[in-house]
1. Give me the log10 of I(q) over I(0) for the chain at q = 0.10, 0.12, 0.17, 0.18 Å⁻¹, as the Debye formula computes it from C-alpha points; what are the numbers?
2. Please report, in whole Å, how far the alpha carbons of the range 58-103 spread along each principal axis, starting with the longest.
3. If packing is taken as the mean number of other Cβ atoms within 10 Å per residue, what is the order of 60-68, 100-108, highest first?
4. Stretched out fully, how many nm does the piece from Ile108 to Thr93 gain, at 0.36 nm a residue minus the Cα gap?
Amino acid sequence: MATVYNYDEPSDTLYVSFALGELATGVELNEHILLRLNSATRRAVGLTFLEYSVLAQRTEMGPRSFPLTGLAELSEELRALVLEILTTPPVNTILFVSAYTPSAIEMIPITFLQPLALA
C-alpha cells in the first residue's frame, strides 16, 4: 500500500498512513510525534506530527533535532520494538533517528524529520 499524507493546515498537523484502516496502538515519541504501530505484525501503521511546520523547519546549521523522550516511559520490550520500527522503512524515510551522547554512559535518542513537499 502506498503511503498517504494528510496535512491539516488549521491545526498544523500532518498525518502519515502506511496502512489505512489497520488497527494500531499509539506510542508518544515526544509531545509532537506519535507513532501508530501494530505490535502483532511488528510494523508501523502511521505517524502523526503535531506542529508540523515547527518540526520541519530548518535552522542555520541544518534540521532541528528533537529528543525521543517518550521512549523512557516504555517497557523494555516495547521500546526495542519501537526502535526497530523507527530505524526501518517506511518510517526511516521520514524520521531519522540518532543519539546524543553527553557522556560515555548516557545516550539520548533523538530524531529529525525529513521535510515533505505538501501540496
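1. Values returned for q = 0.10, 0.12, 0.17, 0.18 Å⁻¹ are -0.29, -0.42, -0.86, -0.96.
2. 38, 30, 16
3. Those peptides, ordered most packed to least, come out 60-68, 100-108.
4. 3.3 nm
Here, each number is a calculation from the coordinates, and none is a lab measurement. For clarity, every value in this text was computed on a predicted model and none was experimentally measured. All Cβ positions, glycine included, derive from the backbone under ideal geometry; neighbour counts span all protein chains shown.
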